[in-house]
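This report refers to the structure that appears directly beneath it.
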Amino acid sequence: MATNATWTVVFEDQTVIKQTGDAAKTGYIINDDVFWNQSKFSNIWAIQYGTSNTSDEVEYRDGTPHSAYDSSVLGDINDFITRWDSAHLAKLQSDWDNDNLVNDDGTPAETEAEKISRLGARPTSYSS
């Protein structure tokens, strides 16, 4: 497989991994069997997208030689990226929701306004 990709997609694990920038090396399992079970993906083991060696971006399950990512066959790479972005937004929101200051007795130690002042507003969108 090619190295230094900006995105890695592992079909066996249904995982998309962002390799560069904010949240680099973060992967999410994308639970969407309808998406993953499309016939166009049936022979693909993995994708390393955005490499310097584009002829080595797609790795197949059988003996087919590695090839460049062909969006006319596999669809726009953003189909994977938007799913990763959605999963990452859900993680950011969960982290924000669960970052609460509490007193020893378990009661809230801050108001919503104080939490926003401490953490910033709750994330409402994310785009890679």
Item to check | Fluctuation leader among 16, 73, 102 - the chain, Gaussian network, Cα springs under 10 angstrom | outcome: 102
Item to check | the range 7-119 shape via C-alpha gyration tensor axes, a/c threshold 1.5 | outcome: prolate
Checklist entry - Using the Karplus equation 6.51 cos²θ - 1.76 cosθ + 1.60 (θ = phi - 60°), what ³J(HN,Hα) coupling, rounded to whole Hz, does each residue of the range 36-41 give in order, writing x for Gly and Pro? => result 5, 8, 5, 4, 5, 9
Next on the checklist: With just the Cα atoms defining each centre, how far is the range 57-73 from the range 1-40? Give it in Å.
Outcome noted: 15 Å
Next on the checklist: Only Cα pairs within less than 10 Å get springs; with that Gaussian network setup on the chain, which residue of 71, 55, 86 has the largest fluctuation?
Outcome noted: 71
Checklist entry - Among 88, 66, which comes first, then next, by fewest other beta-carbon atoms within 10 Å? => result 66, 88
Item to check | Dipole of the range 7-119, positive end: most advanced residue of 100, 45, 11 [Cβ charges, Cα centre] | outcome: 45
Item to check | Net charge, residue 49 excluded, C-beta distance under 14 Å - Lys, Arg +1, Asp, Glu -1 | outcome: -4
Next on the checklist: I need the trypsin sites (Lys or Arg not before Pro) found in the range 47-96, filtered to DSSP loop residues with at most 10 other beta carbons within 10 Å of theirs.
Outcome noted: none
Item to check | Whole-number percent relative contact order across the range 7-119, with pairs defined as alpha carbons under 8 Å at least 6 apart | outcome: 18 percent
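Values quoted throughout were computed directly from the atomic coordinates according to the rules given, and no laboratory measurement underlies them. Values in this document were obtained by computation on a predicted structure and should not be read as measured data. Cβ coordinates were reconstructed from backbone atoms using ideal geometry, including for glycine residues, and neighbour counts include every protein chain displayed.
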